[in-house]
Amino acid sequence: CEEHGGDVYTREALLRSMELSTGDNRVQIYEDRGQGFKEEQSYFVEHALTHCDEMELRLQVSSGMKALRVDPCEEPCLIQIKKLWWNEEEQFLDKQITVNGIKGKGAKSGYAEYVFATRDPNFTISLDKLTEKEKGQNELRLQLEIHKISLQLANTLTKSMKRIL
């Protein structure tokens, strides 16, 4: 109880925390050190969701890394990539990110928006042209919003977007 100095949790917050702890909301990161992406060079980031459907990743990246692949979930989804920072410097998204989804026209918002009609949504962040720190680890910070949707809806959206594009 708040009066006695303890935290107060709503039923929704408790259910959300239980959902997060199941592993359904973990993100898999693959590292490309020059030989492509390999399962044995991947790791999971637990509890990447900050609140609701917003996610923020802070990744330590070794010097010489070529690219990172981010697998945000294992079901069809809509993703809006809001910001990407490399060593605290904001980057222009279109130059660094490639996806296995369909890109929407989110130019007015300034965000990169994607629809993934697959159970393996992912995007790759190219690190080749980014300036690395002289010594030590680099930091990649990524802010995004993710909405899981049905495969049927994802397919409908991608068909509609292909007609527009």
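The values are calculated or read from the model by the stated rules, or taken from the named source; none is laboratory data. Just so it is clear, the structure is predicted and the values come from calculations on it, not from any experiment. All Cβ positions, glycine included, derive from the backbone under ideal geometry; neighbour counts span all protein chains shown. Calculation scope for accessible area: heavy atoms of the full protein, side chains included, ligands and nucleic acids excluded. Shrake-Rupley method; radii C 1.70, N 1.55, O 1.52, S 1.80 Å.
Give the residue that is nearest to the chain's Cα centre (by Cα), with candidates limited to residues of the range 119-155 that are of a type in the set (V, I, T) and surrounded by 12 or more Cβ atoms within 10 Å (Cβ to Cβ).
Checking each candidate, the answer is I146.
For the range 134-165, a residue qualifies if it is at pLDDT below 85, of a type in the set (K, R) and not in a helix (DSSP H, G or I), and exactly one does: K135.
When the residues of the range 87-109 are filtered to those that are open to solvent by less than 60 Å² (accessible area, probe 1.4 Å), in a loop (DSSP other than H, G, I, E, B) and out of contact with any helix residue (DSSP H, G or I) (no Cβ under 9 Å at 6 or more places or on another chain), the one that is modelled with the lowest pLDDT is G106. Taking residues in the range 66-80 that are at positive phi and part of a loop (DSSP other than H, G, I, E, B), and partners anywhere that are surrounded by fewer than 21 Cβ atoms within 10 Å (Cβ to Cβ) and of a type in the set (G, A, S), not one pair has Cβ atoms closer than 8 Å while being at least 6 places apart or on different chains.
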